[in-house]
Amino acid sequence: MALEHGMIEPFVDRQMRATEGSKIVSFGLSSYGYDLRVADEFKVFTNVYNSIVDPKNFRDDSFVTFKNASTCIIPPNSFALARSIEYFRIPRNVLTLCIGKSTYARCGIIVNVTPFEPEWEGTVTLEISNTTPLPAKIYAGEGLAQVLFFEAKEACEVSYADRKGKYMKQMEITCPRI
């Protein structure tokens, strides 16, 4: 289905895993889903301006942006935004859930992503929380979260595209919009 509908680009048709001599967090096609990779751009939350986190009035200067980064260090009890390498196109009869990979979860790093609704498309903005009292390291170009796909028997009545969703066709890390 992914190839037929061009759902994931670039698409890795097998699980890429660590091999002898190389350590990577796995990515690519899994048993019932797809392990997406995190790109090399990160927005790390900072409280330099002692502001309040307000989704209705979010300040872009609440982040420090890193580009072309091979890793990202997230401060203790803080978070970063990132994006997927992969561009997703979700068919009208499919809904996805995206959950963090166990490798990171076992280190106290939680990935939060809202569902990809029917007919949504774009790169995925990923929220990565460091729940530990220590700095946490994220590796660009490697697996970060697993996308699970649920196919409905019928197409939805109103899709994300029909509603002209505000996060449609995003290509960059996208901060909250109202």
Inset, instruction - Indicate, rounded to the nearest 5 percent, the antiparallel portion of the DSSP beta bridges found entirely in region 73-176. - result: 95
Inset, instruction - Work out the length of the dipole vector of region 1-115 about its Cα centre, built from +1 on the beta-carbon of each Lys and Arg and -1 on the beta-carbon of each Asp and Glu, and round it to the nearest 20 debye. - result: 180
Legend entry - Local net charge near K23, Cβ-Cβ under 11 Å (Lys/Arg +1, Asp/Glu -1): -1
Inset, instruction - Place +1 on the Cβ of every Lys and Arg and -1 on the Cβ of every Asp and Glu in region 55-178, take the dipole about the Cα centre, and give the residue among T131, I110, I178 whose Cα lies farthest towards its positive end. - result: T131
Legend entry - Mean Cβ neighbour count within 10 Å, used as a protection proxy, ranking 33-43, 50-60, 94-104 highest first: 33-43, 94-104, 50-60
Legend entry - Cα-centred dipole magnitude for region 24-178, charges only on beta-carbon of K, R (+1) and D, E (-1), debye, nearest 20: 200
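Read the figures in this text as sums done on the coordinates, not as results from a lab. Everything quoted here is computed from the prediction, not taken from an experiment. Quick reminder, even Gly has a Cβ in these numbers, built from the backbone with ideal geometry, and neighbours come from all protein chains shown.
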